[in-house]
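Colleague: Before anything else, here's the structure in question.
The values are calculated or read from the model by the stated rules, or taken from the named source; none is laboratory data. All of these numbers come straight from a predicted model, not from anything done at the bench. Methodologically, a virtual Cβ is constructed for each residue, glycine included, from the backbone with ideal geometry; neighbour enumeration extends over all protein chains shown.
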């Protein structure tokens, strides 16, 4: 099997699997959702747009930003409502409204400027050793600052300095911010942060399901980020090839 055939089969499998999983979860949760039925449907649609965006991004296709705009807008609404109900989500809500939505436009125009390879994918690149060091330092500094800030707004009722809900807000928050910057600039290292986002988001929505059993939409996002994690690992594999030194026109 050629790499092109493998990528196509995996992409189709991810899209079909995500769509089927979301539909089944929605149907099963809909009768018991009661007042949360509209939010459940919004979550399902957002998740489908998100997986379309993620698969296109993994393959370096610029249309990722169209699907991404729909996904991040709706996801921000869901996170905000989840936080108002006493769960985690404030950091993600602010992140999506203030940062992710406008960054879809930034990424779109940046990718257009970079152009495409012969395969139709964006011309990818890699960070220099110095760039990787600075990125790591930025992650640590921003993480500490964000934790202290969100700690002030925590409504979980937990005591002490270390709070699980705040940590589950901060980790995907910082990974999302850095990952989006690297995505918009077409750097391969973005996928390391997307893998982190997906792992931390699975933990966050898993905790939401455990602590708030009637939050029907949480199952949708748990499924979504599980598929995202698989796609992120595939994206890292593809972008390692797209950003290989012999395929780059610039550093």
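Colleague: Kindly indicate the residue of the stretch 60-75 that is out of contact with any strand residue (DSSP E or B) (no Cβ under 6 Å at 6 or more places or on another chain) and buried (at least 22 other Cβ atoms within 10 Å of the Cβ) and also farthest from residue 104 (Cα to Cα) among those meeting that condition. Even if it seems obvious, please write down each step before you answer.
Modeller: Step one: of the stretch 60-75, the residues out of contact with any strand residue (DSSP E or B) (no Cβ under 6 Å at 6 or more places or on another chain) are 61-75.
Right, trim to buried (at least 22 other Cβ atoms within 10 Å of the Cβ) and you get 64-65, 68, 71-72, 75.
Working: 64: 9, 65: 5, 68: 7, 71: 11, 72: 9, 75: 14 Å.
Filtering first and then ranking leaves 75.
Colleague: OK, next. Taking the residues in the stretch 100-156 that are exposed (fewer than 14 other Cβ atoms within 10 Å of the Cβ), assigned to a helix (DSSP H, G or I) and touching a helix residue (DSSP H, G or I) at 6+ places or on another chain (Cβ under 8 Å) as candidates, determine which candidate is modelled with the highest pLDDT.
Modeller: Ranking the candidates gives 105 first.
Colleague: A follow-up question, please. Search the stretch 157-175 for residues that are assigned to a loop (DSSP other than H, G, I, E, B) and pair each with any residue that is surrounded by 13 or more Cβ atoms within 10 Å (Cβ to Cβ) and at pLDDT below 70 when their beta-carbon atoms are under 6 Å apart and the residues are at least 6 apart or on different chains.
Modeller: Listed pairs, sorted by first residue: 163/154.
Colleague: Looking at (1) exposed (fewer than 15 other Cβ atoms within 10 Å of the Cβ); (2) closer than 16 Å to residue 231 by Cβ; (3) at pLDDT 90 or above, which is the only condition residue 6 fails?
Modeller: (3)
Colleague: Mind telling me which of the residues 47, 32, 73, 43 ends up being over 20 Å from residue 96 (Cβ atoms), assigned to a helix (DSSP H, G or I) and in contact (Cβ under 8 Å) with a residue 24 or more places away in the chain? It would help to see each step written out before you state the result.
Modeller: Numbers: 47 fails: over 20 Å from residue 96 (Cβ atoms); 73 fails: over 20 Å from residue 96 (Cβ atoms); 43 fails: over 20 Å from residue 96 (Cβ atoms).
Only one candidate qualifies: 32.
Colleague: Do we have any residue at all in the stretch 87-94 that's modelled with pLDDT of 90 or more, within 19 Å of residue 182 (Cβ to Cβ) and part of a helix (DSSP H, G or I)?
Modeller: The initial filter retains those residues of the stretch 87-94 that are modelled with pLDDT of 90 or more, namely none.
There is no residue in the stretch 87-94 that is modelled with pLDDT of 90 or more, within 19 Å of residue 182 (Cβ to Cβ) and part of a helix (DSSP H, G or I).
Colleague: Let me ask something else. If you check residue 22 against the conditions, is it surrounded by 16 or more Cβ atoms within 10 Å (Cβ to Cβ) and either touching a helix residue (DSSP H, G or I) at 6+ places or on another chain (Cβ under 8 Å) or at pLDDT 85 or above (or both)?
Modeller: On the way: surrounded by 16 or more Cβ atoms within 10 Å (Cβ to Cβ): yes; either touching a helix residue (DSSP H, G or I) at 6+ places or on another chain (Cβ under 8 Å) or at pLDDT 85 or above (or both): yes.
For residue 22, the condition - surrounded by 16 or more Cβ atoms within 10 Å (Cβ to Cβ) and either touching a helix residue (DSSP H, G or I) at 6+ places or on another chain (Cβ under 8 Å) or at pLDDT 85 or above (or both) - is met.
Colleague: For the stretch 231-247, state whether one or more residues are buried (at least 21 other Cβ atoms within 10 Å of the Cβ) and modelled with pLDDT under 85.
Modeller: no
Colleague: Filter the stretch 184-198 for residues that are surrounded by fewer than 24 Cβ atoms within 10 Å (Cβ to Cβ), more than 10 Å from the chain's Cα centre (by Cα) and not in a loop (DSSP other than H, G, I, E, B) and give the result.
Modeller: Scanning the stretch 184-198 gives 184, 187, 192.
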